[in-house]
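Mind looking over this structure? Questions follow.
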Amino acid sequence: MFDCIDHVGIAVAELDAAVATYGETFGMELVHREVIAEHGIEAALLEVGDEHVELLAALSEDSSVGRFLADRGPGMHHVAYRVADIDAAFAALLARGVEMIDAAPRPGLRDSRIAFIHPRSTGGVLTEIVEAAAG
Ligand code: CO
């Protein structure tokens, strides 16, 4: 079902500082940065081989990442698997009894389409599926 690990999501308190840390410490290049106001996040993608680390900062305390930071502090937030066809993967997961957080795939970073699986279905790991934008 999954092609590869697309990215690992990490919740951070300060996006600029985190981008600088990953860049300076690990030499990881910032390849994309985007605000998704609807979900209360600003995200930065840093390249690791063909995959990415996604740094997530909250735009407000009542966003999902804001609540995560308040509850647990900065750290690992989710793992994202790449799929070729998110509609097919979404339907297959539902058919296997997996509990989805999103009612349907929705827009993600860089014109991707994403959906989140509830940690109750994955042994406690918030899990995302991602279909990359065409091209
Ligand atoms: Co993600």
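The values are calculated or read from the model by the stated rules, or taken from the named source; none is laboratory data. Small disclaimer: the values here were computed from a predicted structure and weren't measured. Please note: Cβ atoms are built from the backbone with ideal geometry, for glycine as well, and neighbour counts cover all protein chains shown.
Across the stretch 56-80, what is the total count of residues that are in contact with an Asp or Glu (Cβ under 6 Å, 6 or more places away or on another chain) and in contact (Cβ under 8 Å) with a residue 60 or more places away in the chain?
Looking only at that region, the number is 2.
Name the pairs whose Cβ atoms lie under 7 Å apart, with the first residue in the stretch 88-99 and without any contact (Cβ under 8 Å) to a residue 40 or more places away in the chain, the second polar (S, T, N, Q) and in a helix (DSSP H, G or I), and 6 or more positions between them or separate chains?
VAL98/SER121; GLU99/SER121
If the requirement is being surrounded by 14 or more Cβ atoms within 10 Å (Cβ to Cβ), touching a residue at least 40 places away in the same chain (Cβ under 8 Å) and either under 14 Å from GLY108 (Cα atoms) or within 11 Å of the ligand (Cβ to nearest atom) (or both), which of these qualifies: ALA44, ALA11?
On the way: ALA44 fails: touching a residue at least 40 places away in the same chain (Cβ under 8 Å).
Residue meeting the stated conditions: ALA11.
Could you tell me which of the residues GLY66, GLY124, GLY49 is at pLDDT 95 or above, more than 13 Å from the ligand (Cβ to nearest atom) and loosely packed, with under 13 Cβ neighbours inside 10 Å? Explain how you work it out, then say what you get.
Numbers: GLY66 fails: loosely packed, with under 13 Cβ neighbours inside 10 Å; GLY49 fails: at pLDDT 95 or above.
Going through GLY66, GLY124, GLY49 in turn, the sole match is GLY124.
Sticking with this one: Does the stretch 19-41 hold any residues that are closer than 20 Å to ASP111 by Cα and without any contact (Cβ under 8 Å) to a residue 12 or more places away in the chain, and which are they?
Once the filter is applied, which keeps residues that are closer than 20 Å to ASP111 by Cα and without any contact (Cβ under 8 Å) to a residue 12 or more places away in the chain, the stretch 19-41 yields only GLU38.
Follow-up. Tally up the residues in the stretch 52-63 that are within 14 Å of the ligand (Cβ to nearest atom) and surrounded by fewer than 16 Cβ atoms within 10 Å (Cβ to Cβ), please.
Here the count works out to 0.
Within the stretch 103-118, is even one residue within 18 Å of VAL12 (Cα to Cα), at pLDDT below 95 and within 14 Å of the ligand (Cβ to nearest atom)? Explain how you work it out, then say what you get.
So in the stretch 103-118, the residues within 18 Å of VAL12 (Cα to Cα) come out as 109.
Keeping just the survivors that are at pLDDT below 95 gives 109.
Applying the additional criterion that residues be within 14 Å of the ligand (Cβ to nearest atom) yields 109.
Among the residues of the stretch 103-118, at least one is within 18 Å of VAL12 (Cα to Cα), at pLDDT below 95 and within 14 Å of the ligand (Cβ to nearest atom), which makes the answer yes.
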